[in-house]
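Presented below is the structure to which this report refers.
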Amino acid sequence: MKSATAAATAFLLALTLTGCSQSSQPDDAERLQRFYDQQLAFGACDGYATTAGDETAIAARPEFRCARLEVPLDYGDPGGRTMKIAVLKAPARGERIGSLLLNPGGPGGPGMAMAAVGAKTWAASPVTERFDLIGFDPRGVGASTPAIDCFSDAETDAGEAVFPMASSVGRWTADDTRALVERCAERSGGTDVLEHVGTRDAVRDMDILRAALGDEKLSYLGQSYGTRLGPVYAETFPERVRAMVLDSAIDPHAGTVDRRITQFAGFQRAFDKMAADCATRPDCPLGTDPARATASFQQLTRSLADTPIEVQGHRLSFTDVWGAVTAGLYDSAAWPVITKGLTELRAGKGDTLVALGNAFGGRGPDGRWPNFAEAAYAINCMDEERRTPDEETELRRRLYAAAPYMDPGTGVEGARDACEFWPAPPTLGYPYAEGIRGLPQTLTIGITGDPATPYPGSRSLAETLGGTLLTVDGEQHTVALSPVSPCVNAIVADYLVDLKTPPAEARCTL
């Protein structure tokens, strides 16, 4: 197998209980009531951070308060094992409407840090004046316990944190994928933990959190994967939704294969635009002809598939370079960093690419990694459609065709679904969130040049939910309440505070 950094692995993994709560039997509903009736004991946030980055964000404001929410591990057995969901509250600055739950995406992204950072970034927004920002690490993620854990920090630094994916380099066997599941189960608290980290369990946690916060209805802002979490909550508890902002949306109609192919085509488009921008600058490492940029990238990087180079104690392989470059494609503001990194690589160096990959993966200066990649792997195993080895190999072929810049030139054989020996079948199902009755107006935001969740997915989700679509012209992934767009910020604030949606076909420009 070829090595991959956690950043590259996290990106690969990021690509990618039906019915409603009333389906529980009466005795189960009674046993669940104790969870709904719990009072959150908010206190100091000491001990909640799991990485140096979290510590910096959470320690920034002493008024942040943290708590742990108790939820059933298995909603079919409310009297059995429980999990603890880590929660951070950034209190409203003025007269509060209620709580605003946040999810930054992933899957596997920690929401506590999103609330902490958001309290600073949105300090002048009507949103932080009227809402308590509530960041929570979904089950299996970050500071929630038990958390998914498959590899140590040292193993990740050594390039051993590898999750077989059609879009990655390498050949795997059934023994490889079986051993991976076994080690994750052993380090994460057992196979029953792995069986219950999917989206449909996570939205049940969100409803208990809503009740524990004292909110009659849910106000929510989710980005990327968070645009799956929100609609599945709406499907499950439509009568409990007050407002829902869904930023850079996943198409609820697209199954695993179609969505990944569409996504990788989006990243090839972003790569081509980055290369065209690079070609206008002196000494572009991809050359002056944008039509040959992919070939130039392949020539520069493919030798690393067999012969990685050592950089700052890391082995920099083709997958690492591809993952770091792709991380930079999420936002056009990072294109100059990609150019700098590839220029260094041409000279046999890789410091900038390692730094870019580490930043995307969340590695702290103390060497600690978040469990983002591991949690993404586990959640995807409970959400995504399973594939046979032949189907996964065919998917690899189609992904290389859709995004040739990611093709290492080593052939397509040996791809394998890392979830093939997962202890439970996936529970999400496709399509989802269709035909929801009684759902109030939602606000979906789609960015025209979004490579990770291409714009048509946002339009599809808005239509599926019968909600409003805000189109944003630009080249990045997610935008809600970031400082780059006062236009978007004003619309989001009007919607969350006053439930005022923009007119049909409203647009903003970055």
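Among residues of segment 342-355 that are at pLDDT below 95, those with a Cβ under 6 angstrom from a residue that is part of a loop (DSSP other than H, G, I, E, B) and open to solvent by less than 20 Å² (accessible area, probe 1.4 Å), sequence gap 6+ or separate chain, pair up as Arg346/Pro285.
Just one of the listed residues (Thr227, Thr262, Thr288) is in a helix (DSSP H, G or I), of a type in the set (Ser, Thr, Tyr) and within 25 Å of Asp407 (Cβ to Cβ), and it is Thr262. Note on segment 457-510: residues that are part of a helix (DSSP H, G or I) and either surrounded by 15 or more Cβ atoms within 10 Å (Cβ to Cβ) or among the polar types (S, T, N, Q) (or both) amount to 18.
Considering only segment 353-362, I want to know if a residue exists there that is touching a strand residue (DSSP E or B) at 6+ places or on another chain (Cβ under 7 Å) and closer than 24 Å to Asp450 by Cβ. Looking for residues that are touching a strand residue (DSSP E or B) at 6+ places or on another chain (Cβ under 7 Å) and closer than 24 Å to Asp450 by Cβ, one finds at least one in segment 353-362, hence yes. Only one entry of Ser219, Ser167 meets the criterion of being over 21 Å from Gly53 (Cα atoms) and not in a strand (DSSP E or B), and that entry is Ser167. Across segment 42-76, the number of residues qualifying as in a loop (DSSP other than H, G, I, E, B), open to solvent by 20 Å² or more (accessible area, probe 1.4 Å) and out of contact with any helix residue (DSSP H, G or I) (no Cβ under 8 Å at 6 or more places or on another chain) comes to 8. Taking into account only those residues within segment 415-449 that are in contact with a strand residue (DSSP E or B) (Cβ under 8 Å, 6 or more places away or on another chain), more than 30 Å from Thr294 (Cα to Cα) and in a loop (DSSP other than H, G, I, E, B), which is least open to solvent (accessible area, probe 1.4 Å)? Ranking the qualifying residues of segment 415-449, first place goes to Thr442.
Do we have Ser99 as in a loop (DSSP other than H, G, I, E, B) and either more than 30 Å from Gly409 (Cβ to Cβ) or open to solvent by less than 50 Å² (accessible area, probe 1.4 Å) (or both) here? Taking the combined requirement at face value, the residue does not satisfy it. One residue alone among Arg281, Arg315 is among the basic types (Lys, Arg) and not in a loop (DSSP other than H, G, I, E, B), and that residue is Arg315. Note on segment 351-414: enclosed helices (runs of 4 or more DSSP H) holding 2 or more residues that are under 14 Å from the mean Cα position of the chain (by Cα) are 351-361, 372-383. For segment 77-89, check the following and say yes or no: at least one residue is among the acidic types (Asp, Glu), over 23 Å from Arg240 (Cα atoms) and part of a loop (DSSP other than H, G, I, E, B). Taking every residue of segment 77-89 in turn, at least one turns out to be among the acidic types (Asp, Glu), over 23 Å from Arg240 (Cα atoms) and part of a loop (DSSP other than H, G, I, E, B). Out of the residues in segment 233-278 meeting the condition of being open to solvent by 20 Å² or more (accessible area, probe 1.4 Å) and among the small types (Gly, Ala, Ser), tell me which one is nearest to Leu342 (Cα to Cα). Checking each candidate, the answer is Ala276. Leu399 falls short on exactly one of the conditions (1) open to solvent by less than 10 Å² (accessible area, probe 1.4 Å); (2) in contact with a strand residue (DSSP E or B) (Cβ under 6 Å, 6 or more places away or on another chain); (3) within 30 Å of Pro431 (Cβ to Cβ), and that condition is (2).
Considering segment 355-391, the residues that are surrounded by fewer than 24 Cβ atoms within 10 Å (Cβ to Cβ) and either basic (Lys, Arg) or touching a His at 6+ places or on another chain (Cβ under 7 Å) (or both) include one that is farthest from Val412 (Cα to Cα), namely Arg368.
The values are calculated or read from the model by the stated rules, or taken from the named source; none is laboratory data. All of these numbers come straight from a predicted model, not from anything done at the bench. In this analysis, Cβ positions are derived from the backbone assuming ideal geometry, glycine residues included, and neighbour counts consider all displayed protein chains. Each accessible area value is taken on the protein alone, full model and side chains, heavy atoms only, with ligands, DNA and RNA left out. Shrake-Rupley method; radii C 1.70, N 1.55, O 1.52, S 1.80 Å.
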